[in-house]
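The structure under discussion appears below in the form of structure tokens.
The values are calculated or read from the model by the stated rules, or taken from the named source; none is laboratory data. Just so you know, these numbers come straight off a predicted model, no measurement behind them. Ideal geometry is used to build each Cβ from the backbone, glycine not excepted, and the neighbour counts take in all protein chains shown. Each accessible area value is taken on the protein alone, full model and side chains, heavy atoms only, with ligands, DNA and RNA left out. Shrake-Rupley method; radii C 1.70, N 1.55, O 1.52, S 1.80 Å.
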Amino acid sequence: MTTPLVCHTCRESIAGYESVHYGSLETGYRDLCSRCFNEEVARLGGLKFEHVQFEPIEMRDAAGEPHRFHFCARLIGEHVALEGFELKDGAPGGYKFEILGDPEGDLFALMAQLIERMRRALTQRHLERGEGSARLQIAEFLVRGRIEWDENEDGRLPLLVIDGREVPWEEFGRMLMSYEGWQFKLEIKDPSAEV
Ligand SMILES: [Zn+2]
């Protein structure tokens, strides 16, 4: 077992995904919870920012499967980034959403916007099981997803997350072979964009 992280400022224990390793080589680094991190960044930047710790919520996808989302707000530069993510083995994995807003704006309104976006995304289904087959295939000529690190590939090949499901690059290649000779368009977007 790894020792749980403790916030340097408020001494509360923090999950790894909630902590920020904050500082510089000169001043040294501290692990902060997102609240203490945001309060410190707001103070340094002279921002009127009020941290909100949103409780996890459960949402269902198009197939009726439940997904539990955790939320984290973080001040980054001129924005506040609000993230909604699932946990797989204690770390963010599966569906992941991010929205940027004004740090001095209404965080609850930003949360409502994020939830709307998550709802839209969860109604979409890009992969389906082939008839009489356990294998996944592309359902309707369009795939949206995320590019992640594949532990098994050591950075050589990506791991895709499509419909909140991990799809190794090779498996995705096999799915594409149903369209041999067809064309495609690949467009890469910022994590905070709606795709
Ligand atoms: Zn703290």
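A few remarks follow.
- At 1.002 mPa s and 20 °C, Stokes diffusion of segment 48-91 via Kirkwood alpha-carbon radius, µm² per second: 176 µm²/s
- Contact order for the chain, expressed relative to its length and based on alpha carbon pairs under 8 Å spaced 6+ residues apart, stands at 12 percent.
- Restricting the calculation to alpha carbons of segment 57-195 gives Rg and Dmax of 16.5, 54 angstrom.
- All other residues whose Cβ lies under 10 angstrom from that of H51 are scored, Lys and Arg at +1 and Asp and Glu at -1, for a net of 0.
- Each distinct pair of alpha carbons in segment 119-190 adds a 1/r term; the inverse of their mean, the Kirkwood radius, is 13.3 Å.
- Percent RCO, i.e. relative contact order, over segment 91-145, from Cα pairs under 8 Å lying at least 6 residues apart: 22 percent
- Surface composition of segment 48-195: carbon plus sulfur atoms hold 49% of the accessible area, using a 1.4 angstrom probe and ignoring ligands, DNA and RNA.
- Among F172, F141, F37, the largest mean-square fluctuation in a Gaussian network model of the chain, built with springs joining Cα atoms closer than 10 Å, belongs to F141.
- Counting only residues at least eight positions apart within a chain, or on another chain, the aspartates and glutamates with an alpha carbon under 20 Å from that of K185 are E140, E148, D163, E170, E171, E194.
- Where F97, F69 fall by accessible area, highest first, once all protein chains stay in place (1.4 Å): F97, F69
- Kyte-Doolittle at least 0.0, axis length at least 27 Å by Cα - qualifying DSSP helices, the chain: none
- Ellipsoid equivalent to segment 5-123 - semi-axes via the Cα gyration tensor, in Å: 27, 18, 11
- Cα pair distances exceeding 16 angstrom across segment 97-142, given as percent: 56 percent
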